[in-house]
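The values are calculated or read from the model by the stated rules, or taken from the named source; none is laboratory data. Predicted, not measured: the structure shown is a model, and the values here were computed from it. Here the Cβ positions follow ideal geometry from the backbone for every residue, glycine too, while neighbour counts run over all protein chains shown.
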C-alpha cells in the first residue's frame, strides 16, 4: 500500500497502491480516493483528481501543467500506454512553443480539463486531447484518438473516435452499487 513520505498529497484515501517509479509533478494538488492502484512507470505533470476504485496501468502519461486538470471518477480505468493531454500549444507559427517560454511569447495555448466519468475504460495507447469529457460508462478501443467529448455508455474506436455500439449498463451499475454498500474494503490485488 501507499507509504512513501516523499509525496505530500492534498488528499489520499485508504487502500492505495502507487508503484515505485510513478512521478507526480504537483503532489500537493493531487486528490486520490480509496482503492486506487497506479502501476509503475506513470507520469503526471498536471493537477489530478482520482475517485475510488481506479486503476491506471503502466506507461501512461498525463500532461498539462499546474493549470490543467485530469479527473477520473469512481470505477474508471486506463489501460497501458495512454496519453492524456490537458494543455496544448498552437503549432501554426503565431508564437514560440513550450512550457519554458513565458506566456507573452507563446502562441495560443489550450489549457483545460480531461474528465473520465464513472465506469469509463480507456483502451491501450489511447490519446485524449484537452477539454474532453468521456461520458459515464463509455469505453475506447486500443489506439483510439479522442479529440471531442464522448456520450454516455458507448463503445468508441478509431482515429478519431467513432461510436461503434452501445455498452450495457444494468449489471455494471448493480455491481457498483452492491460494492459501495458492502461493509468491507477489498484489498488492492
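Just a few scattered comments:
- Selection status of residue 15, more than 29 Å from residue 110 (Cβ to Cβ) and either in contact with a strand residue (DSSP E or B) (Cβ under 7 Å, 6 or more places away or on another chain) or without any contact (Cβ under 8 Å) to a residue 24 or more places away in the chain (or both): no
- Whenever a residue of region 165-188 is in a helix (DSSP H, G or I), its partners that are at pLDDT below 95, lying with C-beta atoms within less than 9 angstrom and at least six residues away or across chains, give the pairs 179/186.
- Residue that is modelled with the highest pLDDT [pool: residues in region 92-138 that are in contact with a helix residue (DSSP H, G or I) (Cβ under 7 Å, 6 or more places away or on another chain) and farther than 17 Å from residue 155 by Cα]: 96
- Residue count, region 43-60 (criterion: in a strand (DSSP E or B) and surrounded by 16 or more Cβ atoms within 10 Å (Cβ to Cβ)): 10
- Residues that are free of Cβ contacts under 8 Å to residues at least 24 places away in the same chain and in a strand (DSSP E or B) are absent from region 62-85.
- Listed by position, the strands (runs of 3 or more DSSP E) contained in region 86-158 that have at least 3 residues being more than 22 Å from residue 43 (Cα to Cα) are 154-157.
- In this structure, residue 41 qualifies as under 15 Å from the mean Cα position of the chain (by Cα) and farther than 21 Å from residue 137 by Cβ.
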